[in-house]
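Undergrad: Below: one structure in structure tokens.
Read the figures in this text as sums done on the coordinates, not as results from a lab. Predicted, not measured: the structure shown is a model, and the values here were computed from it. Heads up, the Cβs are rebuilt from the backbone with ideal geometry, glycines too, and the neighbour counts pull from every protein chain shown.
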Amino acid sequence: MSRTKLKVAAVGAVVLALTASGCSSGASKADSKTVVIATHDSWYMTKKVMADFTKETGYTVKIERNGDAGELTNKLVLTKGDPIADGVFGIDNTFASRAVDAGVLASYSPANAPASEAKFALSGKGAGELTPIDYGDVCVNVDDAWFAKQKLAEPKTFDDLTKPAYKGLFVTPGAATSSPGLAFLIATIGKYGDGWKAYWGKLMANGVKLDAGWDDAWNVDYSGGPGKGDRPIILSYSSSPADTIDKATGKSTTSALLDTCFRQVEYAGVLKDAKNPKGAKAFVDFMTRKEFQSALPGQMYVYPSDTTVALPADWSKWAAVSPDPVPMTASEITANRTGWLRDWRDITTQ
């Protein structure tokens, strides 16, 4: 989830909170007070929350951003045995089985996780290695202001995206390099079944643009995003309209098409062979706690997996979840993802 700070923080490593007393760069595995967390580029959390973690545990958190969730997962697999971090946040349900099957994760589950997290948990082996932290719905979004100005009716459905009226207006991150892009591919497969290839052929013929990641699509190409691009239709999140509220009117200038959604869940875990597994476990525990969970909507525009957490007041109006997201089980994704992506590449590179 995915998922995702809409006002993108600077990419790169960020050290958050205060270094614990007596910690040095030469600390051993046993006494290290720095814990490295690998995550996607859309990570963002307040300094106060992170400082509170340090105050409580003595651990300093170093965040290492590694591209989109798909890139993050692939990098963890490629560095198995010599991990790039102690823990990970941001592997989602479209890529989780790749990390689990590759054996890059240590077995760990927080003892006091909220009861509501159970409904977002993976089944099988992954349930003991990845802890659900947040969720969100990946959906097609439209720039309402653009369509009003052009006096053009907005698309409403998957089928509409292939119509001539919307030729050259849609941008989506690619399925091979982006977790929301893969989520959209899965949504179209769930919608059209064996007809998904024909559907993607129509999308390509209608001028869909494929970006490497969500950041480029939102920040550069989308007319409703900060870059004021030339594409008024984007694959984003149901929570995205909460980030495009006009201060003058108090209304969002964009909207999500809630009949085009796939539910994305983001997980955290401890990496096998980590230098500081105790620190990673402490941070996974912390991410399931009220303070961190309560900060998620405002910082990363996702829903907390602890469903008892109060949401921002305007989310019911501008960040509603889909009442009926396109269904697809993790086991179906695991069994078919490689073949789907191979076929998708064939269609989109012709």
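Undergrad: If I model a spin label as a point 7 Å beyond the Cα along the Cα-Cβ vector, how far apart are those points for residue 123 and residue 331 in nm?
TA: Each label point is offset 7 Å from its Cα along the Cβ direction, giving 0.4 nm.
Undergrad: Let me ask something additional. For residue 314, put the label point 7 Å out on the Cα→Cβ axis and report which residues of region 238-272 keep their amide N under 19 Å from it.
TA: Residues passing the 19 Å test: 238-257.
Undergrad: Taking the Cα-to-Cβ direction at residue 273 and at residue 343 and moving 7 Å from each Cα, how far apart do the two end points lie in nm?
TA: Result for the modelled spin labels: 3.6 nm.
Undergrad: Could you list which residues have their amide H under 5 Å from that of residue 170, counting only those 5 or more apart in sequence or on another chain, with H placed in the peptide plane?
TA: HN-HN under 5 Å from residue 170: 209.
Undergrad: Do you know the Lys pair count in region 180-283 for C-alpha distances under 22 Å, with sequence separation 8 or more or different chains?
TA: Working: 191/202; 191/209; 197/209; 209/228; 228/247; 228/251; 272/281.
Within region 180-283, the lysine pair count is 7.
Undergrad: Antiparallel versus total DSSP beta bridges in the chain: what percent is that, nearest 5? Walk me through the intermediate numbers first.
TA: Details: 27 of 41 bridges.
So the antiparallel bridges in the chain amount to around 65 percent.
Undergrad: How far, in nm, would the chain grow between residue 197 and residue 80 when pulled straight, counting 0.36 nm per residue and subtracting the alpha carbon separation?
TA: Length gained between residue 197 and residue 80: 38.7 nm.
Undergrad: Rounded if a/c is under 1.5, else prolate if a/b beats b/c, else oblate: with a ≥ b ≥ c from the C-alpha gyration tensor eigenvalues square-rooted, which is region 164-251?
TA: Working: a/c = 1.95, a/b = 1.74, b/c = 1.12.
It comes out prolate by the Cα gyration axes.
Undergrad: Starting at the first residue of region 306-316, write each ³J(HN,Hα) from the Karplus equation 6.51 cos²θ - 1.76 cosθ + 1.60 with θ = phi - 60°, in whole Hz, x for Gly and Pro.
TA: 7, 6, 7, 6, 5, 9, x, 4, 8, 5, 5
Undergrad: Short version: ³J(HN,Hα) in whole Hz for each residue of region 289-299, in order, from phi by Karplus 6.51 cos²θ - 1.76 cosθ + 1.60 (θ = phi - 60°), x for Gly and Pro, what are they?
TA: Result, rounded to whole Hz: 7, 4, 4, 5, 4, 5, 7, 4, x, x, 9.
Undergrad: At a 10 angstrom cut-off on C-beta neighbours, averaged per residue, how do the peptides 178-191, 335-348, 71-84 rank from highest to lowest?
TA: Peptide ranking by packing, descending: 178-191, 71-84, 335-348.
Undergrad: Also: State the extension gain, in nm to one decimal, for the chain segment bounded by residue 154 and residue 220, taking 0.36 nm per residue of separation less the distance between their alpha-carbons.
TA: On the way: separation 66, 0.36 × 66 = 23.76 nm, distance 2.09 nm.
Gain in length upon complete extension: 21.7 nm.
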